[in-house]
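The values are calculated or read from the model by the stated rules, or taken from the named source; none is laboratory data. Every value quoted in this text rests on a predicted model; they were computed, and no experiment measured them. FYI the Cβ positions are ideal-geometry reconstructions off the backbone, even for glycines, and counts take in every protein chain you see. Side chains included, ligands, DNA and RNA excluded: accessible areas come from the protein's heavy atoms. Shrake-Rupley method; radii C 1.70, N 1.55, O 1.52, S 1.80 Å.
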Amino acid sequence: MAYDLGNEELDERIRSLIADSSDNENQDLIAELITTALKLHRDGARRSDLKLINTAVKEIRYSNLVFSRHTEPKVTIYGSARLHEDNPNYQLTAKFAGIMASHGWGIITGAGPGLMEAGSKGAGIDNSYGVNIRLPFEATANQYISDGRTVNFKYFFTRKLGFVKESHAFVILPGGFGTLDEAFELITLIQTGKSDLHPIVLLEAEGTEYWGPILGFVRDRILAGGMISESDLALFLHTTDVDEACRHIFKFYTNYHSQRFAAGKLILRLRQAPTEGELAELNSDFADIVVEGSIERAGPTQAEIEDEDALETERITFYFDRRHFGRLRQLIDRLNDLASLPETTEIPASMSEEQAERPW
């Protein structure tokens, strides 16, 4: 069913306006955006609601523009704004950021002080990105991020989208309520399949004793109470070793490239597909997440060919239960272990359209 105003004259004027303004191939979606705005107008939406929607769309649009200019892989660092240079976690954050930047990765932080500043400082101004939230007591980005790589947000929800949409890995250091909010929301997005799988590292300086008690609660209360599955703990790594944190991220992309759903099947794109013997082992060990048929090697689907989507990669495909994403992460880890490939610090240059849609 067409999404329009139900007024042929107005709908045609929208189409003509779009055609006259740009030859963008996504004119159908642009028409829907304009139609939505006019429906809000027709609905008599309150001014406060219009302000919220208008600001959110403008923030998302500008964030897309800023990050579209920079295609290197990026890792987001979360952590406290209140821990400063004399704290070992500040030093650990700067070291981690410096290592990742030296391997060609960009560093995204919340642009504030504390551990966010440490990430930006360690990466250097040419490798730092800021996703800043406007707060009365924290209005500007730290000095280690250039204006051209900073996006200022009024709303937390659009800022959160900016983090998740633009990152290929996430590292979470000690922090307050905001850091814990980001951590559990990120894990939830991946656990429920609303975001594609990415490496997540819970990092802290030796002796901090921050993540240990929190993970103890997760195991002793949430897991023991049947509110999560054992395999959900595979969605992240806890470490005090900065080198292990970096290796964990690099290894995730050793063989795994990306994923996509087509015709009800999950497609895992790989640099090197498993052999027939390895496939037999995978089908035996991961039968619990295959709802029909088996895991098979496959060529690109027609949809992928039409989109020219990662055609250089090899593939396996199967009917995934879309529920046990911790087990899917374990499958990807196995595929990375099986491949006779050197560890890489590179990741896919871009996401497919379907992948880009998933975070929200």
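What is the diffusion coefficient of region 185-257 in µm²/s, taking the Kirkwood radius over Cα pairs and the Stokes-Einstein relation at 37 °C with a viscosity of 0.692 mPa s? So the translational diffusion coefficient is about 243 µm²/s. About the centre of its Cα atoms, region 33-150 shows a dipole size close to 620 debye [charges on the beta carbon of Lys, Arg (+1) and Asp, Glu (-1) only; nearest 20 debye]. Roughly to the nearest percent, how much of the accessible area of region 94-216 is carbon and sulfur, given a 1.4 Å probe? Looking at region 94-216 in its full context, I get 58 percent from C and S. Over region 278-335, accessible surface divided per residue gives 51 Å², non-protein components excluded, 1.4 Å probe.
Summed over all non-identical Cα pairs, the Kirkwood treatment of region 1-132 gives a radius of 18.0 Å. Only protein atoms count toward the accessible area here, which uses a 1.4 Å probe; on region 1-70, the carbon and sulfur part of that area reaches 54 percent.
How large is the charge dipole for the chain, taken about the Cα centre, if only the Cβ atoms of Lys, Arg (+1) and Asp, Glu (-1) carry charge, to the nearest 20 debye?
Using Cβ point charges on Lys, Arg, Asp and Glu, the chain gives about 1180 debye.
Ordered from highest to lowest accessible area with the whole protein assembly present and a 1.4 Å probe, Leu282, Leu237 read as Leu237, Leu282.
Full extension of the chain segment joining Arg46 with Ser340 gains 99.9 nm, where the gain is 0.36 nm per residue of separation less the Cα-Cα distance. Return the FRET efficiency for the residue pair Glu296, Asp86: r is the Cβ-Cβ distance, R0 is 41 Å, and the value is rounded to the nearest 0.05. FRET efficiency, Glu296 to Asp86: 0.15. Taking all protein chains into account, the per residue accessible area for region 47-117 stands at 46 Å² (1.4 Å probe).
FRET efficiency for the pair Leu223 and Tyr62, taken as 1/(1 + (r/R0)^6) with r the Cβ-Cβ distance and R0 = 35 Å, rounds to 0.30.
Taking the inverse of the mean reciprocal distance over all distinct Cα pairs, the Kirkwood hydrodynamic radius of the chain comes to 22.2 Å. Dipole orientation for region 209-302: of the candidates Leu266, Ser229, Cys246, Leu266 has the Cα lying most toward the positive pole (charges on Cβ; Lys, Arg +1; Asp, Glu -1).
If a spin label sat at a point 7 angstrom from the Cα of Lys154 along the line to its beta carbon, no backbone N atom of region 104-123 would be nearer than 15 Å. Ordered from largest to smallest accessible area (heavy atoms of protein chains, 1.4 Å probe), the residues Ile60, Ile77 come out as Ile60, Ile77. P(r) tail, region 242-345: Cα-Cα pairs separated by more than 19 Å, 42% of all pairs.
In whole Å, how far is the Cα centre of region 271-290 from that of region 63-123? Region 271-290 and region 63-123 have Cα centres separated by 37 Å. Based on the Cβ-Cβ distance from Glu25 to Glu276, what FRET efficiency comes out when R0 is 30 Å, to the nearest 0.05? Step by step, r from the Cβ atoms, then E = 0.15. To the nearest 10, the accessible area of His168 is 30 Å² with a 1.4 Å probe. Can you find, among Ile316, Gly326, Ile34, the residue farthest towards the positive end of the dipole of the chain? Put +1 on the C-beta of Lys and Arg, -1 on that of Asp and Glu. The residue sitting most towards the positive pole is Ile34.
Every Cα-Cα pair of region 85-229 was included, and the share exceeding 21 Å stands at 45 percent. With all protein chains in place and a 1.4 Å probe, the accessible surface of region 244-335 carries 44 percent carbon and sulfur. For the options Phe153, Phe163, Phe286, a Gaussian network treatment of the chain with springs between C-alpha atoms closer than 10 Å singles out Phe286 as fluctuating the most.
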